[in-house]
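All remarks here apply to the structure that follows.
The values are calculated or read from the model by the stated rules, or taken from the named source; none is laboratory data. Remember, it's a predicted structure, so these values are computed and weren't measured experimentally. Every residue, glycine as well, gets a Cβ built from its backbone with ideal geometry; the counts of neighbours run over all protein chains shown. Surface accessibility is based on the protein's heavy atoms, side chains included, excluding ligands, DNA and RNA. Shrake-Rupley method; radii C 1.70, N 1.55, O 1.52, S 1.80 Å.
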Amino acid sequence: MFDVLFIGSGQGAWNGAIPMSKAGLKVAVVEEGLFGGVCTNRGCNAKITLDKPVELVRTIEQLQGRGFDSVPKINWPDLMAHKHEVIGKLAESNKQKLIDAGVKVIVGRGTLVDAKTVQVGDKNYQAKKIVLVLGQHPHRLDIPGKEYLHDSTDFLSISQMPKQLTIIGAGYVGMEFASIANAVGASVSVILNSHTPLRGFYQPYVQRLVENLRGRGVKFFYDQELTKVVKTESGFKLHGPNQFELTSDYIVDASGRIPSLTNTGLEEVGITTNKNGIEVDDHMQPNVPGIYATGDVVDKIQPRITPTAIFESQYLAQLFTGETTDAINYPTIATTVFSSPRISQVGINPDVAVKSPDKYTIEHFEYADDWFKQVQNEIDGGLTLVFDQNHILVGAVEYSNEAVDAINGLLDIIELRLTHEQVQRFIYTFPSVQHSYFRKI
């Protein structure tokens, strides 16, 4: 009998399992694949490793004639080998962290038998509390020729960059992969079933990113519902209504991600779910007592990203060890598209704020006029701030190479609701991203 048993070893599991074990609870983690989940092994970490040279190359491009007279080419096979070098050891490292902390590691697929029992292979394990960390998996288009489509996991391990790459979808995955593949030299096409890339992000900056990518040769096809994919002698041909056709060497289905709910025992135990995931209360508990859920499998309005899962897992550690009995209280959460340039935002989206001019004031700053950005000739960037009626910063979005650092700093100010006078007490290093923006608040 375990005190806590996790099904899944992603960020929503081990960040709580380790402190629970160290606090004296008897903890187990069941995992059928790579320890650490999607982000560690087949997502964020791999993506950012492949993106780093892209970030450097884009900066060097900006400085042509301003200190550089050539742009290095990205060697994809070398870069992929480096990615495997960095990422390949993380799963075992995460597994060992659990073992070193006294957590029982169980390898295999975990399925709920009842509210206290999990089956792994031919064995049953009992637990007072069960935490579901089931995550999400790529959505796959159900059209003729779907077997020719690849998902994000495939792309992040592809040995050679294809000459012609087609990406279906323009969310996080689609736009980030388009940036990477374009920088490596592929001819990239992005197909959308709507007219809104990166839905939920500040659209004026999204459109600037689209135009930036278009200027680099990326093609965007809007409002296309693909009907089939046909293999040809020279590659693959995508078909859609109104005689739409597109030839490609490699196709990535980035049409979304869906909660991993099937073949887990949820239905048999009676756990309430919907298309967005497992329904939970404000203590991360579904409708069945003794069962909890964290991470991307949870139906929630908060962003489904690694930091959210970490926060939820750490909250359960506090809840289960008696440090708190309070409901989970999510802090301000920033989200970022790791494209080139980046788009990062936090708090009230200006697209929302503009609809309530009596509540919010919006201020825009163009980086073409900022000397610090001119140092690296970064002129295609900007910062938009949202203030409430008391001129307290409540939202921010940046489009730039350094958007992550800028928004991370502004997140603190928003979360703590600092006034102009309090912000003026900060003396940042000069020059720096922080010093550039603090005078605007």
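With respect to G217, is the statement that it is closer than 18 Å to I167 by Cα, at pLDDT 95 or above, more than 24 Å from the chain's Cα centre (by Cα) and surrounded by 13 or more Cβ atoms within 10 Å (Cβ to Cβ) true?
no
So that you can scan it fast, the table gives a plain yes or no per residue for (1) touching a Ser or Thr at 6+ places or on another chain (Cβ under 7 Å); (2) more than 26 Å from G277 (Cα to Cα); (3) open to solvent by 50 Å² or more (accessible area, probe 1.4 Å):
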| position | (1), (2), (3) |
| --- | --- |
| W76 | no, yes, no |
| A101 | yes, yes, no |
| V107 | no, no, yes |
| L112 | yes, no, no |
| K116 | no, no, yes |
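Could you list all residues from segment 147-167 that are within 20 Å of P259 (Cα to Cα) and open to solvent by 20 Å² or more (accessible area, probe 1.4 Å)?
H150, D151, T153, D154
Residues that are acidic (D, E): list the helices (runs of 4 or more DSSP H) wholly contained in segment 1-116 that include at least 2 such residues.
44-62, 76-87, 90-100
Would you call V38 crowded, with 19+ Cβ neighbours inside 10 Å, under 30 Å from G381 (Cα atoms) and within 21 Å of the chain's Cα centre (by Cα)?
The answer is no for V38.
For the condition open to solvent by less than 10 Å² (accessible area, probe 1.4 Å) and farther than 30 Å from V354 by Cβ, what is the one hit in V252, V210?
Testing whether each residue is open to solvent by less than 10 Å² (accessible area, probe 1.4 Å) and farther than 30 Å from V354 by Cβ leaves just V252.
Which of the residues spanning segment 313-340 are modelled with pLDDT of 95 or more and under 26 Å from T49 (Cα atoms)?
Within segment 313-340, S313, I333, A334, T335, T336, V337, F338, S339 meet the criteria.
Identify all residues within segment 127-137 that are buried (at least 21 other Cβ atoms within 10 Å of the Cβ) and either modelled with pLDDT under 95 or not in a loop (DSSP other than H, G, I, E, B) (or both); write none if there are none.
A127, K129, I130, V131, L132
Could you check segment 300-340 and list, in sequence order, the residues that are part of a loop (DSSP other than H, G, I, E, B), touching a residue at least 40 places away in the same chain (Cβ under 8 Å) and within 19 Å of I271 (Cβ to Cβ)?
Across segment 300-340, the qualifying residues are R304, I328.
Would you confirm, using the coordinates I've provided, whether D154 is assigned to a loop (DSSP other than H, G, I, E, B) and not small (G, A, S)?
no
Give the number of residues within segment 2-27 that are among the aliphatic types (A, V, I, L, M), touching an Asp or Glu at 6+ places or on another chain (Cβ under 9 Å) and surrounded by 24 or more Cβ atoms within 10 Å (Cβ to Cβ).
Residues flagged as among the aliphatic types (A, V, I, L, M), touching an Asp or Glu at 6+ places or on another chain (Cβ under 9 Å) and surrounded by 24 or more Cβ atoms within 10 Å (Cβ to Cβ) within segment 2-27 amount to 4.
Being under 21 Å from T429 (Cα atoms) and of a type in the set (A, V, I, L, M, F, W, C) is the filter here, so list the residues in segment 366-395 that pass it.
Passing the criteria: W371, F372, V375, L383.
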